[in-house]
Amino acid sequence: MPDDMIPKLRTPDLPKPGPRRPLSRHEYAELFLAQMGKCFHCGARLAKGNVIDEHLVPRESLTADKCDDLENRKLFCKPCAKAKTVGDAAIVAKTRRLTGGRGSQYAKRQARGGSSIKGRGFQKRPDGATSWPKRSFGRKA
Ligand SMILES: [Zn+2]
């Protein structure tokens, strides 16, 4: 069977989001005007010191090139932002577990220095060659 007929079981590992990119002053103003100075969730007037820019889809569940897109960001008042963050915690935790990020079994195992289950390895050929001859199982070549 040719290689291209074998179904791909895994998606490629896409770059994971790095540190959160803060909004520029221009982006902040753009969002503020688009929302007419109101919280995206409750509609309360956004006052200075009571504004947090939120990611509608948690950035941890997106790839690095899309996670900080402006379309995915809205301005929330602090109480709404806090409630949203609490609600997103499960999604963020599951994404981290599945992608091998912080808190995943893979990350914990790597921190311990790898698996404690060791294989016995492969026998070396006495003549130093790297592969064993293929067996024909009685077939004639
Ligand atoms: Zn609000």
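Values in this text are rule-based calculations from the coordinates and carry no lab data. Source: prediction; values computed, not measured. Neighbour counts run over all protein chains shown; Cβ positions are idealised from the backbone, glycine included.
Could you work out the relative contact order of the range 41-141? I mean the mean sequence separation of Cα pairs under 8 Å and 6+ apart, divided by the number of residues, in percent. Working shown, then result.
Working: 65 pairs, mean separation 19.5, N = 101.
Rounded, it is 19 percent for the range 41-141.
If you stretched the chain out fully between Trp132 and Asp69, how much longer would it get, using 0.36 nm times the residue separation minus the C-alpha to C-alpha distance? Walk me through the intermediate numbers first.
Details: separation 63, 0.36 × 63 = 22.68 nm, distance 5.37 nm.
Between Trp132 and Asp69, full extension yields 17.3 nm more.
Tabulate in residue order the Karplus-calculated ³J(HN,Hα) for the range 55-64, using 6.51 cos²θ - 1.76 cosθ + 1.60 with θ = phi - 60°, rounded to whole Hz; enter x for Gly and Pro.
With the stated coefficients, the range 55-64 comes to 8, 4, 9, x, 5, 5, 8, 10, 7, 4 Hz.
What is the Rg over Rh value, at two decimals, for the range 26-69, using alpha-carbon atoms and the Kirkwood definition of Rh?
Values: Rg = 11.9 Å, Rh = 11.7 Å.
We get a ratio of 1.02 for the range 26-69.
Past 31 Å, Cα to Cα: identify those pairs from Lys78/Lys108; Lys16/Lys82; Lys74/Lys94; Lys38/Lys66; Lys108/Lys134; Lys16/Lys124, in the order given. Intermediate results must be reported in sequence, preceding the final value.
On the way: Lys78/Lys108 33 Å; Lys16/Lys82 24 Å; Lys74/Lys94 23 Å; Lys38/Lys66 25 Å; Lys108/Lys134 40 Å; Lys16/Lys124 40 Å.
Listed pairs above 31 Å: Lys78/Lys108; Lys108/Lys134; Lys16/Lys124.
If r is the Cβ-Cβ distance from Lys16 to Lys82 and R0 is 30 Å, what FRET efficiency results, to the nearest 0.05? All intermediate terms of the calculation are to be shown ahead of the outcome.
Numbers: r = 25 Å, r/R0 = 0.83.
It comes out at approximately 0.75.
Tell me, what HN-Hα J-couplings in whole Hz come from the Karplus equation 6.51 cos²θ - 1.76 cosθ + 1.60 at θ = phi - 60° for each residue of the range 46-53, using x for Gly and Pro?
7, 9, 4, x, 10, 10, 10, 7
Report the semi-axes of the equivalent ellipsoid for the range 21-110 in whole Å, largest first, where each axis is √(5λ) for an eigenvalue λ of the Cα gyration tensor. Mind dumping the intermediate values first?
Working: eigenvalues 168, 42, 17 Å².
Working through the eigenvalues yields semi-axes of 29, 14, 9 Å.
By how many nm would the segment from Leu98 to Ser24 grow when fully extended, if each residue of separation counts as 0.36 nm and the alpha-carbon distance is taken off?
My answer for the length gained is 23.5 nm.
Label points 7 Å out from Cα along the Cβ direction at Ser116 and Phe32: separation in nm?
Placing both labels 7 Å along Cα→Cβ, they lie 5.5 nm apart.
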